[in-house]
1. Net charge near Leu297: determine it from the other residues with C-beta under 10 Å of the C-beta of Leu297, scoring Lys and Arg +1 and Asp and Glu -1.
2. Could you give the spread of the C-alpha atoms of region 7-101 along their three principal axes, from largest to smallest, in whole angstroms?
3. For a quick size check, give me the Cα extents of region 177-265 along its three principal axes, largest first, whole Å.
4. Below 8 Å, C-alpha to C-alpha, sequence gap of six or more: please give me the relative contact order for the chain in percent.
5. What would the Debye formula give as log10 I(q)/I(0) at q = 0.14, 0.18, 0.24 Å⁻¹ for the alpha-carbon point model of region 432-510, no solvent?
6. State which helices in the chain qualify, where a helix is a whole DSSP H run, it must extend 27 Å or more along its own axis by its Cα atoms, and its mean Kyte-Doolittle hydropathy must be at least -0.5.
7. As a test of the formula, what do you get for the chain when each DSSP H run with n ≥ 4 contributes -39,500 (n - 2.57) and the sum is divided by the residue count, at 222 nm and rounded to the nearest 500 deg cm²/dmol?
8. Counting DSSP beta bridges in the chain, what percent are antiparallel, to the nearest 5?
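Derivation of every value follows stated rules applied to the coordinates shown; laboratory data play no part. Please read all numbers here as calculations on a predicted model, not as lab measurements. Cβ placement follows ideal geometry from the backbone for every residue including glycine, while neighbour counts extend to all protein chains displayed.
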Amino acid sequence: MVLPIATEILIPADDSVRLLSQLLEELDYRKLYQAYSRNGRNPAVSPKNLFKVLVYGYMSDIITTRALETACRRDINFMWLLQRQKAPDHNTISRFRSGRLNDVVEDLFNQFVLKLHQLGEVAFENIFVDGTKIEACANKYSFVWKKTTIKNEAKLQTKISRLLGSLGYAKEASGPISVECMQSIKDELIKKKDESGIDFVTGKGKHKTQLQRDIEALEECIIKQTKYNHYNSLFDGRNSFSKTDTDATFMHMKEDHMQNTQLKPGYNVQIGVEAEYIVGVDISSERSDHATLIPFLKRMSNAYPIRFRNVVTDAGYESEENYVYLRSNGYAPYIKPQNYEKSKSGRSRNIGIPENMAYSAEDDTYTCKYGRTLKPIGKAKRQSQTGYSADLTVYECDSCEGCPMKAECTKSLNNKRMKLSRLFMECRTESLVNITSPKGILLRINRSIQVEGAFGVLKEDHGFRRFLLRGKKNVRVEFLLLSLGHNVNKLHNKIQNNRCGMLLHEKESA
C-alpha cells in the first residue's frame, strides 16, 4: 500500500511561500467572493487559494496561464497552496485573472499595504514616485495617428459635400456632415429605388445605374465616417493608439529593437515606493510624467485612510499645476527643479533666463547682466494640456539699444521680453530649499535607491518588459499582481537579512 506524501514536510520553514500564505490568509476576501454568482456550483478551486497561486506565480516569474497550470500539477509549492484541491486549468486561471479580479485586486493590494503598516514596515511618511514605460501586448505597426485621421476626415467631408450637392441636398449646418444625416439621405434614395423598380446589378459586364452608384458611394462614405468617429472617441486627448490594444499609446521606449527611435505601443506605469515596498500603482496613457502625478496621488488618497507627508520625485514631474496641488493638499514637495543640475554645476550660461538675473521683490523687476532693468508691462495666461491655467507676468526691458550682450540674451529685434509665473518661481524655490536640506539630500538618495531599484527588480531580475493582457483594466490587474509578489519577496528578504523596520537608507560617508 502506497501512502500519499505530506507535501508540507518537504517545504522549508523559512520558504517564501509560507510567508505568502500566512499574509494573504489574513486579508478580507468578501469582495472577491461577491464576484462569483450565488447560483450554480461552487468553484472547483477556492478563489482565495487561486489568488495565492497567481501571486506566487508572479513571485516566481511564472505568469502565463499554461505555465501556471503546469506548475499547479508538478510544483510542490503550488500544490501546497491549493490545499489538495484540484489543479485549475489555464482557462480557469485566465477567467479569474481577467474577469474576477478586475474590481477586486486593487482592494486586496491596499489591504496588504495596510498590513505592512501594522507590521511597522510602512510608515506613510515619504513616498518616492517614478514612472517607466512598458510595452503593451499589441502589434508594433497597428498605429492610428490623430493628425492623419483629422486630415483624412477633412478630405472625406469635402467628398461628401460634393456628393450631396450633386444629389441636390444642400449643406445646412456649418459643422461636419453627420452619419445620421447621410443615413437619412440614403434611406430616401433606397425608397426612390423601390418606387421606380430599379434592380441593382453586380459582376463583370453589368452596367450600374446612376442611382445605384450614388447609393454605393454614400454607403462607402457612411462606413468611413463611422470609422473616423470611432477613432476620435478613442483618442481621448492622445495623439495615437493601437488597433490591437486601443488603450495603448505609441511612445518612445528605452528598448528599441530597430535602433531608430521607433515608437511602440505601451503604457506609462507609475508607482509609489516607501521602505522599498510598492505602495501605489497607476496605469496611464500619458507619454510624459508631469501629467500623471495628480491622478496618482488622488488614487492614493482614496485607497488609504492615512496620507503621505512628503512627495519625492525627479525633475520630470515639475510643473506649476503639480506644485499647487501639493501645496493645497498638505504635501511637502521634494521635486528636483529641471534646471537644478545645470545651476549646480555652473553650466547654465544663458544670461537671458530669469534664474540668471537679479530679482527685486520690492518693485518686481529683474536686472540683466548688463545692468538694465526689466519691468512688468502686462499679464497673460497659459493653459496646459490638462486644462490648468497659469497666470503669467510679462516683463520687458526699458531699452536694449547698444547692449553688447543682446545677441546672447534674446533673438528679438526689439527689446528683451519674457513671460513667467511668479507662483511657479516661488514654488520652485520652496522645492529647491527642501531638496538641498539635509533631509532632502537623504530623501533624494533614497529615491534613487528605492523607486529606481523597484523598477530594476521588476524589469531586470523578473524580466517583466511586456504586458501579457490587453486593456487598461487588465494591465492594472497584471501589474498589481506583480507588485504584490514584489512586496512579499521584499518582506521575505528583509526577514532573512534582519532588516525589518528599515525605512530609509542612511547616507554613507567615504
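1. Net charge around Leu297: +2.
2. 40, 28, 22
3. For region 177-265, the Cα extents along the three principal axes come out at 64, 32, 17 Å.
4. Once normalised by length, the contact order is 19 percent.
5. So the normalised log intensities are -0.65, -0.90, -1.14.
6. For the chain, where a helix must reach 27 Å along its axis and average at least -0.5, the hits are 472-496.
7. Roughly -13500 deg cm²/dmol at 222 nm, from the helical runs in the chain.
8. For the chain, the DSSP antiparallel bridge percentage is about 85.
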